[in-house]
Amino acid sequence: MATSRTMRPLVVRAILLAACMLAAAAPAKAQQPPTPTPPARVIVTGEGSVTVAPDYAEITSGVTTQAKTAKDATDANSKTMAAINAALQNAGVAPADIQTSRFSVSPVYGPPQPNSVPKLVGFSVSNQLDIKVRQIGQVGAILDALVAAGATDAGSVQFLHSDTSKALDQARQAAIADARRKAELYAQAAGLTLGGVAWITEEPAYTPPGPMRGMRVFSAAAAPVPIAAGEDTLSVQITVGFNVAH
C-alpha cells in the first residue's frame, strides 16, 4: 500500500506535464504561415516569322583521281586542283573563301576472286573544297567554271545568311504581338483583366536551310547550271506568362 501511495503523485505529475506540452505546442502550430496561393496567370504561346533572301552561298566541290601508284594519282589530282583554284579566282572568288575540307588517299582493289586475297590495282586520291560565294548571282557561273576546270563532283550548294539577328528580331516582335493577342482573347473570354508580362521563354525554332544535295557533275560539256536562291522563312516561338490584374 505504501508503494501505491508513493506512485500516485508521480502519475499525476506525468499527466500534468503532458497537458502542458500539448498546450504549448498548440499555439506554435497555429502560428505557422499558410501556404501561399500561386499567382493567377494566363500562359500562351506566340509565334512570329519573317521571310528573307540568303546573302551568300557555299559550294562543296572537288576532284577524285585514280592511278596505279599513289604518286601518280596525287600528281594528277594536284594538277586538276590547281586548274580549279585558278578558275575560281578568275571568277572573283577570294583565296580566303576557298578551303580544303577533305583530302584522302585510298587503295583500290580489283574484283574479289574465289579463294584469293583481293589484289591491289591502284590508288584513289580525293580532294574536296568548301567555296564561299558572296555574290549569289554568280553561283551558276562558278559551277560551270568548276566543271570546265575538271571538277568531278559539284557536291552540294547551301544558301545561307551571314546575319540572322535583325531578321529574327522582327520575328520576335511578331511573336510577342501574337502572344498578347491570344492572352487578351482568353482573358476576355474568362472574364479576367490581363496584367503585365511576368516572364518570357524562347524556343529555338529556327533551323538553317539544308543543302541542295545530289548536284553531281559528270561532264564538262554540261549545260549552264540554273540556280535559284529563293527566300527562307525564319521563325521564332515563345511562351509568355501574363499576370492577371486584381
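None of the figures in this text is laboratory data; all of them are computed from the coordinates on show. Nothing here was measured: the structure is a model prediction, and the numbers come from that model. In this analysis, Cβ positions are derived from the backbone assuming ideal geometry, glycine residues included, and neighbour counts consider all displayed protein chains.
Work out, step by step, the length gained on full extension between residue 90 and residue 120: first 0.36 nm times the residue separation, then minus their alpha carbon distance; give nm to one decimal.
Computed gain between residue 90 and residue 120 is 6.9 nm.
Which far-off residues, 5 or more places away or on another chain, put their amide H under 5 Å from the one on residue 203, with H placed in the peptide plane?
Here the answer is 237, 238, 239, since their amide H atoms fall under 5 Å of that of residue 203.
Which order do peptides 60-70, 157-167 fall in by mean Cβ count within 10 Å, highest first?
Listed from highest to lowest mean packing, they are 60-70, 157-167.
Taking the highest mean first, how do the peptides 99-105, 38-44, 168-174, 139-145 order by number of other beta carbon atoms within 10 angstrom per residue?
139-145, 168-174, 38-44, 99-105
Specify, per residue and in Å³, the volume enclosed by the convex hull of the alpha carbon atoms belonging to segment 56-160.
That works out to 102 Å³ per residue.
Report the label-to-label distance for residue 231 and residue 138 in nanometres (one decimal), using points 7 Å from each Cα along the Cα→Cβ vector.
2.6 nm
About the Cα centre, and with charges only on the beta carbon of Lys, Arg (+1) and Asp, Glu (-1), how big is the dipole of segment 56-160? Nearest 20 debye, please.
Working: 7 positive and 7 negative charges, 55 e Å.
Result for segment 56-160 is approximately 260 debye, rounded to the nearest 20.
May I ask you to order 116-123, 183-190, 130-137 by the average number of other C-beta atoms within 10 Å around their residues, highest value first?
130-137, 183-190, 116-123
Using a Förster radius of 35 Å, what is the FRET efficiency between residue 202 and residue 100 based on their Cβ-Cβ separation? Nearest 0.05, please.
0.40
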